[in-house]
Amino acid sequence: MSEVVARIGAGVGSFDAEAWDACAGTGNPFVTHAFLAALEQSGSATARAGWQPLPIAVEDADGHLAAVTPAYVKSHSQGEYVFDHAWASAWERAGGDYYPKLQIAVPFTPVPGPRLLTRDPALAPLLIRAVETVVRQNDLSSAHATFLAPADVAAFEDAGWLIRTDSQFHWQNEGYRSFDEFLAALSSRKRKTIRKERSAALDGLTVEHVTGTAITERHWDAFWTFYQDTGARKWGRPYLTREFFSLLGQRMADRILLIFALRDGVPIAGALNMIGADTLYGRYWGAVAEVPHLHFEICYYQAIDAAIERGLTRVEAGAQGSHKLARGYRPVPTFSAHFIPNPSFRKAVADFLQAEREAVAEEIEQLEDFTPFRKGEPHA
């Protein structure tokens, strides 16, 4: 590709969906045009919410989209799940303005995935340079690419960005043909505990899995009630609007799995999952009744059941949550990359990240000793 042009888009919705997805692929549902455009069009990720869409694109000489990254100008650090509040405070105590900053991410979505969306991987460095140019030309303090796919980490590191690590808990399918086969890989005590949890959670309840054209506005109404309750407790107010879920159902129904717990036919709890090429992504959960262990059942055990049934290799159940460890979800590293033009601030952050990486690596190694698997049982 001998001649390329970089430009800023007015939003993901301003790009042709087919052209965007030709760069993004379809394996990860969160970077698809349908998902990102729904965030914008529903009023969930907008300038008013502190997420001003600013996708940065590279076009070939014929004006065709060749590479793009979902980027946002941020006026705060909410909804990111890679916490930089201390960085913001330090920068502002030194007399600088940390906000606005540039965030390369899927809003409100702590899910690892591609951030350098390219038809030709050789364009990744050019796309990164375009991001850096936007930061410098607009006097932004920094740029942050969060929850990177492992394949993107090297490109950012080669470009001189600072790499940050954290961890999540993911379940890995080792070719299990049933939930009982998965349990057989665990220690006897852990097997008994999980069976008791499942029995207690499901006492007097039924579970419903809904996907594709079976999803109706009635399902979204029920789920919206659950989501609002969780959002109010976690964030003060929900990040996503009710319209977002309707748009998601209209555009991505085959990529959605809703799991409901029902009492006498009435939903009392539910979880929203997205279906990827090889992964089931647990995203949101809520309940209007307190039932012991129901969260574990609907979010973790039912997700494992669904992944095994669909032949998926992994379940990613979101950020944080060491309680997932006892339920067969193992610690794995997650990555972000950070561009900080100011030399002194960059050095301070680099020193912090070096110590943090060592601490995260040590924690992951220690947590491995507490996995519920029988000693000597292979698990990747």
request  = Report yes if some residue within the range 152-165 is open to solvent by 60 Å² or more (accessible area, probe 1.4 Å), in contact with a helix residue (DSSP H, G or I) (Cβ under 9 Å, 6 or more places away or on another chain) and of a type in the set (A, V, I, L, M); otherwise report no.
outcome  = no
inquiry  = Of everything in the range 247-261, what is over 17 Å from the mean Cα position of the chain (by Cα) and not hydrophobic (A, V, I, L, M, F, W, C)? Give them in sequence order.
reply    = 249, 250, 251, 254
Selected residue (only one of 198, 191, 177, 164 is farther than 28 Å from residue 54 by Cα, in contact with a Leu (Cβ under 6 Å, 6 or more places away or on another chain) and among the basic types (Lys, Arg)) = 191
ask   = So residue 303 clears everything in (1) buried (at least 22 other Cβ atoms within 10 Å of the Cβ); (2) closer than 18 Å to residue 368 by Cα; (3) of a type in the set (Gly, Ala, Ser) except one condition, right? Which one?
value = (2)
query = For the range 61-109, how many residues meet the condition of being under 14 Å from the mean Cα position of the chain (by Cα) and of a type in the set (A, V, I, L, M)?
reply = 4
message = One residue is enough: does the range 234-248 have a residue meeting the conditions open to solvent by 10 Å² or more (accessible area, probe 1.4 Å), basic (Lys, Arg), in a strand (DSSP E or B) and within 28 Å of residue 203 (Cβ to Cβ)?
response = no
remark   = Scanning the range 263-274 residue by residue, the ones that are open to solvent by 20 Å² or more (accessible area, probe 1.4 Å) and either assigned to a strand (DSSP E or B) or within 19 Å of residue 302 (Cβ to Cβ) (or both) total 4
message = With the requirement that a residue be open to solvent by less than 30 Å² (accessible area, probe 1.4 Å), of a type outside the set (A, V, I, L, M, F, W, C) and more than 17 Å from residue 154 (Cα to Cα), what does the range 110-134 give you?
response = 110
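Each row is one residue, and each column tells you yes or no for (1) open to solvent by less than 10 Å² (accessible area, probe 1.4 Å); (2) under 16 Å from residue 74 (Cα atoms); (3) in contact with an Asp or Glu (Cβ under 8 Å, 6 or more places away or on another chain); (4) not basic (Lys, Arg).
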{"site": "25", "(1), (2), (3), (4)": "no, no, no, yes"}
{"site": "28", "(1), (2), (3), (4)": "no, no, no, yes"}
{"site": "39", "(1), (2), (3), (4)": "yes, yes, no, yes"}
{"site": "49", "(1), (2), (3), (4)": "no, yes, no, yes"}
{"site": "55", "(1), (2), (3), (4)": "yes, yes, no, yes"}
{"site": "58", "(1), (2), (3), (4)": "yes, no, no, yes"}
remark   = So, first residue closer than 13 Å to residue 340 by Cα in the range 123-145, second residue surrounded by fewer than 23 Cβ atoms within 10 Å (Cβ to Cβ) and among the hydroxyl-bearing types (Ser, Thr, Tyr), Cβ within less than 6 Å, six or more apart or across chains; the pairs are 141/98
message = Please verify whether residue 197 is more than 23 Å from residue 44 (Cα to Cα) and part of a helix (DSSP H, G or I), treating the condition exactly as stated.
response = yes
inquiry  = Condition check: of a type in the set (D, E, K, R), in contact with a strand residue (DSSP E or B) (Cβ under 9 Å, 6 or more places away or on another chain) and closer than 18 Å to residue 29 by Cβ. Does residue 255 satisfy that?
reply    = yes
key: helices (runs of 4 or more DSSP H) wholly inside the range 124-186 containing at least 3 residues that are β-branched (Val, Ile, Thr)   = 124-137
key: Failed item, numbered, when residue 107 is tested on (1) open to solvent by 10 Å² or more (accessible area, probe 1.4 Å); (2) out of contact with any Ser or Thr (no Cβ under 6 Å at 6 or more places or on another chain); (3) not aliphatic (A, V, I, L, M)   = (1)
query = Just checking, how many residues over the range 88-104 are open to solvent by 30 Å² or more (accessible area, probe 1.4 Å) and among the aliphatic types (A, V, I, L, M)?
reply = 2
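The values are calculated or read from the model by the stated rules, or taken from the named source; none is laboratory data. All values reported here derive from a predicted model rather than from experimental measurement. We place every Cβ from the backbone using ideal geometry, glycine too, and count neighbours over all the protein chains shown. Protein only, heavy atoms only, side chains kept; ligands, DNA and RNA dropped before computing areas. Shrake-Rupley method; radii C 1.70, N 1.55, O 1.52, S 1.80 Å.
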